[in-house]
Amino acid sequence: MPSTTSGAAGGRPARTAEVRYAVVIPTVGRPGLRSMAERLLAAGRTAPEEVIVVDDRPGGAPPLPVAGLPGVRVLRSGGRGPAAARDAGWRAARAEWIVFLDDDVRPGPRWTDRLAADLAGLPFYTAGSQARVRVPAPAGRRPTDSERGTLALAGAAWITADMAYRRSVLAEVGGFDTRFTRAYREDTDLALRVFNAGYQLVRGEREITHPPLQAGPWYSLGRQRGNADDALMRRLHGPRWRERVGEPAGRLPWHVLTTATLAAAGATSVLARRHPAARRAAPPLAAAWLALTADFARRRIVPGPRTPGEIAAMAATSVLIPPVACAHRLLGAARHRGARPHRRPAVRAILFDRDGTLVRDVPYNNDPARVRPTRTARAAVARARRAGVRVGVVSNQSGVARGLLTREELAAVNARIDALLGPFDTWQVCVHGPGDGCRCRKPGPGLVEAAAAELGVRPAECAVIGDIGADLAAARAAGARGILVPTPVTRPEEITGAEETARTVDAAVDLALAPRPEPGPPTAPPHRTPDPRRGATRLAPALLVLAERLRGRLRATARPAEREGRPAGPYDAAPALTLLTALALPALSLTTVVAVPPPLPAARARAARRVRPDPGRPGRFAGVRGPIRGFARPAGPRPRHRPSAPDRDSAGGAA
């Protein structure tokens, strides 16, 4: 596990001039958010540069109470989870340090002063600083199961309830992995990637208070969804990732044993009517499952308040948790079986043209009912969001300048698009006409530069996806990456002049997210001809061994009949005979195939065609000195053969 060191001492004076930080708070609308933001901004010299509140509620939710508060910027992440919300927040900030706070924590006295002291003077190889988390225990009673889960946060490492990271390090490791859609493991995954990059994390002296969680009796069943995230962690960081963060091993092996025992007990109970062995095995298996479940329930009941309601809830959930945990782990392993390590995307923002790219082109559309998304637009925007990339719209709407639609009608159409495909992180629209001489109208760079500034990224970190040459010209003028999706209105010269093209919008998003290939001559992989006999060579012996073992089982099929006092009949031997036949026939056929010698390499085959065997000297060839490796001397005595006249010259020459 990486060593944990302490940050600044509590009595060290704050050096505020050297610390620039922004606070990012993902929220689902919990109460107390406005009072916490006001308290942070009123801290004076050690106040943050800004407070970025990321609304992680689904679309259509009412505005947050912090909307319009000076010094507070509200973003929307579309309900994709805390990892995506935090990732959107830090990418929008420009400060040197990014401090992540949960929306239900309460910063301690002089929290901003202590934060500035924790961050001031940290060496460059220190990437982050964690606060000390205090969780008050319930007064006068023992904590419940859900409260014990919250109390464990006091000793958890690198949780983002209050965690400060250097923005440069977040950009280097790629930020949060948005595949973690729950408030679980996304902070541990980020910390491990920071360690892999060669940095260290420290604990500071500031303090926050995390309230204990009050949940219902079935809360522990919902927590088992975290086993799917553990499967992703194992896939990304190996089987010993818990040791690296100092976390004890979980109970999953015991859950697997309990579930397997339950399944075996159920199977033997079903087979007990027809098989005496199953009838004898069912009671011990049921007793073993009961003992494992009782031990699990005891471990959960003893530390709790031991009220009748708590005991009943712990007993019921202790029966259900093992199979539910195993099911979530299997689903997570299947879902993330091909997961790759999280990497920084090729671009940080994708800007879409509106008409012809996101929606079907209706000239000067002023009716929201006529909005129709293109075939792959919804999948393309969702793909960009899942990759943690900011999305926006850049569009020319000269119909306002021409008097063909009003600004209100334009806003209504854009709102309809946002409802169907959004939410989008930025909307940049030029309402000027072609002859107004503005800088924002495409092919000018104004819209792309304004979108990049609002998203907190450089234009070079943006990709513009459009259907005409003006979209690509605007991207080129701003220094962004342009991808053309041709439509019937795209001119042939625009297609030939585009650096990158894609057939559909979602294909363009995949192209934008993929890293650009390095320039250089292509290298073809070495050609290898597969040998179909290689797999058969390994499979045939295994089938033969399995068939031999099955034959031994076949001999033992008469033993249960002998114990029951009856002769062994076809019913006892039929399954074994069927399996023996199914395994023996492929094995015999494969051994026949394996007996065929493998083909000669090309060089050896050419050598064999050039030379002629010398009957007078087995194992040697006319015109070749020494034996050729790979051609064995024939077995048996040497045949007595007198070389013919044409061969004598060769024989004499060889002599």
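Derivation of every value follows stated rules applied to the coordinates shown; laboratory data play no part. Given the structure is predicted, the values throughout are model-derived calculations rather than measurements. Positions of Cβ are backbone-derived with ideal geometry, glycine not excepted, and every protein chain shown enters the neighbour counts.
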Sequence order, the stretch 492-504: Karplus ³J(HN,Hα) from phi using 6.51 cos²θ - 1.76 cosθ + 1.60, θ = phi - 60°, Hz rounded, Gly and Pro as x, gives x, 5, 5, 5, 5, x, 7, 6, 9, 9, 9, 6, 10
Using a Förster distance of 25 angstrom, determine the FRET efficiency expected from the C-beta separation of V74 and R39, and round it to 0.05. 0.90
Pull out the extension gain between R106 and R273, defined as 0.36 nm times the separation in residues minus the alpha carbon to alpha carbon distance; nm, one decimal. 53.9 nm
Quick check: residue separation of E172 and A152 times 0.36 nm, minus the Cα distance between them. What number comes out in nm? 4.2 nm
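Under the 0.36 nm per residue contour assumption, what length would be gained going from the current alpha-carbon distance of T307 and A61 to full extension?
84.7 nm is the gain from fully extending T307 to A61.
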Between the modelled labels at A415 and A334 (7 Å from Cα along Cα→Cβ) the distance in nm is 4.3
For Q200 and D436, what is the calculated FRET efficiency with R₀ set at 45 Å and r taken between the beta-carbons, to the nearest 0.05? 0.25
Points 7 angstrom from Cα along the Cβ direction at I495 and R141: gap in nanometres? 7.2
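Below 12 angstrom from the Cβ of S146, what's the summed charge of the other residues (Lys, Arg +1; Asp, Glu -1)? Walk me through the numbers on the way to the answer.
On the way: positive: R148, R223, R300; negative: D145, E147, E310.
With Lys, Arg at +1 and Asp, Glu at -1, the net is 0.
If packing is taken as the average number of other Cβ atoms within 10 Å across a peptide's residues, how do 132-140, 224-232, 85-93 rank, most packed first?
Numbers: 132-140: 13.0, 224-232: 20.8, 85-93: 25.9.
Ranked from most to least packed, the peptides come out as 85-93, 224-232, 132-140.
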Computed about the Cα centre, the charge dipole of the stretch 117-244 from +1 Lys/Arg and -1 Asp/Glu charges at the Cβ has a magnitude in debye, to the nearest 20, of 300
Between R20 and Y364, the two model label points (7 Å from Cα along the beta-carbon direction) sit apart by a distance in nm of 4.7
Compute the relative contact order of the stretch 261-369 as a whole-number percentage, counting only Cα pairs closer than 8 Å that sit 6 or more residues apart in sequence. 14
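Compute the semi-axes of the equivalent ellipsoid of the stretch 383-524, taking the square root of 5 times each eigenvalue of the Cα gyration tensor, and list them largest first in whole Å.
Working: eigenvalues 145, 65, 44 Å².
The answer is 27, 18, 15 Å, longest axis first.
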